[in-house]
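Everything below concerns the one structure shown next.
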Amino acid sequence: MNNEMFNWQFKHTQYVPYDPSVNALYTGYTTHPALGGVQPFEYTGWRDEMLAAYETCYIHAGLNPAFTYRFKGADAMRFLEENLVNGFKTFEVGKSRHGIMVNEDGLLMSDGMLLRIGEDEFTTYWLAPYLQYKLETGDYDCEGFDETGEVFMFQLGGPRSLEIVEAATEEDFHDLPFLCHRTSSIDGMDVRIIRIGMAGSLAYEVHGKLEDSQAVYAALLKYGEKYGIRRLGRHAYWNTHTESGFPQFII
């Protein structure tokens, strides 16, 4: 099937620019069927893309759209303490952590990332819709916002990822510890930079508004060109993330 026919029959993902030279496409994985679309399975070949994780840097956009839910209010911290198994005594503004939710029988109901972006304000990824249900049915002085499909997240991983982030933002991020985050900008567009990477690997996430998604993606490719950046497709995604220490349900 040629690309023109494929792009005509299926909506291409709105998070990255459409590249007619990419032949390997897929529709099998989407976290939100109403918002998802065709995404590349491979860009330059899975071997080349995987090597970028060890030699240069990859950029990955395949987790879009993620279930994103933001909430704030006077009872925001009390809600977390009563509904997640985590402890939050050291959970300061500018930090993030892996949140876990269970029901009354101790069965896992949801897990995902939790970012503290203000004194009484938090953003979550993958914890909704269960987190949203618990917030809306509980007695909490909070308001929540479903931002699924309104924001983007890109992952950059590899030994040159820090250099690319710093080139794109024109800021020094050497002092950003693991799972900490702060706001910045790329070519005038507001973003949030998060230091990720597990098992000692160097990696970052770039978050922002959907309307800036393609422009930020293009900018990261531009600034990363001299560092050998590669676009990561779905084929290489599972292996690179598994070897980097990220929990996966598919190998």
E121 vs. criteria modelled with pLDDT of 95 or more, surrounded by fewer than 20 Cβ atoms within 10 Å (Cβ to Cβ) and over 30 Å from Y140 (Cα atoms): no
Checking A236 against (1) in contact with a Phe, Trp or Tyr (Cβ under 9 Å, 6 or more places away or on another chain); (2) modelled with pLDDT of 90 or more; (3) within 19 Å of R160 (Cβ to Cβ); (4) assigned to a helix (DSSP H, G or I), the condition it does not meet: (2)
Breaking point among (1) crowded, with 20+ Cβ neighbours inside 10 Å; (2) at pLDDT below 95, for F79: (2)
Residue list for the stretch 130-152, restricted to those being modelled with pLDDT under 95 and either closer than 13 Å to F71 by Cβ or out of contact with any helix residue (DSSP H, G or I) (no Cβ under 8 Å at 6 or more places or on another chain) (or both): T148
Residue match in the stretch 183-192 (condition: closer than 30 Å to E82 by Cβ and either more than 14 Å from the chain's Cα centre (by Cα) or free of Cβ contacts under 8 Å to residues at least 12 places away in the same chain (or both)): yes
First in the stretch 132-147 and outside the structural domain of K209 (by TED's automatic domain parsing) and within 15 Å of N103 (Cβ to Cβ), second anywhere and of a type in the set (V, I, T) and loosely packed, with under 13 Cβ neighbours inside 10 Å, Cβ under 7 Å, 6 or more apart: none
Test set (1) among the small types (G, A, S); (2) surrounded by fewer than 19 Cβ atoms within 10 Å (Cβ to Cβ); (3) within 18 Å of S213 (Cα to Cα) - G138 fails condition number: (3)
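The values are calculated or read from the model by the stated rules, or taken from the named source; none is laboratory data. Just so it is clear, the model here is predicted, and its values are computed rather than measured. Heads up, the Cβs are rebuilt from the backbone with ideal geometry, glycines too, and the neighbour counts pull from every protein chain shown.
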